[in-house]
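Below is one structure, written out as structure tokens, with a few remarks after it.
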Amino acid sequence: MRRKLAHLSAEQLQTESQQTLAHITGHPAFQRAQHVSIYISMDAGELQTRELIELAQRQNKRVYVPRCDGAAMQMVELRGSVDELKVNKWGIREPRENDVAVDPAQLEFVVVPGVAFDRLGGRCGHGKGYYDRYLPQTRAFACAVCLCDQVVDSVPVDTYDRKPDMIVYPKGILYQQV
């Protein structure tokens, strides 16, 4: 799957990202939320989130981005541009170590990345379990996002895997808990 995603054209990545982001921003849970967590996307191979981050900031939402340290993930408020953040060992921008993390209970909407997704809410993450451990600490609406090529027939799930409240992709809502 990672190899397949790495070969997506920049145009396809941009188009599918914009279509997906339109579905997110039109959703009432996002519209209501004032405290949103949005992952900072890699330059290739996954849904691009920079436009969503910038839109949320223009809407005066408080935007939080992940910082990973060992097995732990925290969300830190983004008080400027993504470009001002340092680049970590995976080539992803993230807050500095001394930036204060938000209490997870404050978050209202969390955008969740992943590698593969299915129509039953199954999500295969990047293998570290960061979001599976973090999401139970919040009361936030968890919205996983993906590209069309990331949708598969079935994703193996384990007892510690947490289904998102919704999975959104370029064609609309792939999955939503009822």
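The values are calculated or read from the model by the stated rules, or taken from the named source; none is laboratory data. Just so you know, these numbers come straight off a predicted model, no measurement behind them. Please note that ligands, DNA and RNA were not included when accessible areas were found on the heavy atoms of the full protein model with its side chains. Shrake-Rupley method; radii C 1.70, N 1.55, O 1.52, S 1.80 Å.
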Review point. Short version: ³J(HN,Hα) in whole Hz for each residue of segment 135-146, in order, from phi by Karplus 6.51 cos²θ - 1.76 cosθ + 1.60 (θ = phi - 60°), x for Gly and Pro, what are they?
Key: 4, x, 7, 10, 10, 6, 6, 9, 10, 7, 10, 7
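Of all the accessible heavy-atom surface of segment 12-126, with the other protein chains kept in place and a 1.4 Å probe, what percent is carbon and sulfur?
Details: 2590 of 5450 Å².
That fraction is 48 percent.
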Study note, to complete from the structure: With no solvent term and unit scatterers on the alpha-carbon positions of the chain, Debye gives log₁₀ I(q)/I(0) at q = 0.12, 0.15, 0.17 Å⁻¹ of -0.50, -0.82, -1.10
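Dividing the alpha-carbon Rg of segment 97-178 by 2.2 N^0.38 Å yields what? Don't skip to the end; give the middle numbers.
On the way: Rg = 13.0 Å, N = 82, 2.2 N^0.38 = 11.7 Å.
So the Cα radius of gyration is 1.11 times the expected 2.2 N^0.38 Å.
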Exercise for review: Take the chain, connect every pair of alpha-carbon atoms lying under 10 Å apart with a spring to form a Gaussian network, then pick out the residue of ARG123, ARG32, ARG162 with the largest mean-square fluctuation.
Suggested key: ARG32
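Suppose a student asked you for the relative contact order of the chain, using Cα pairs under 8 Å spaced at least 6 residues apart; what percent would you report?
Values: 347 pairs, mean separation 41.5, N = 178.
Averaging sequence separation for qualifying contacts and normalising by length gives 23 percent for the chain.
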Check your understanding: Using the alpha-carbon centroid of each, what span in Å lies between segment 1-24 and segment 32-109?
Key -> 19 Å
Review point. Considering only protein heavy atoms, what per residue accessible area in square angstrom results for the chain with a 1.4 angstrom probe?
Key: 52 Å²
Check your understanding: So who's got an amide H within less than 5 Å of the one on VAL112, skipping anything under 5 residues away but keeping other chains? H placed 1.01 Å off N, in plane.
Key -> CYS143, ALA144, VAL145
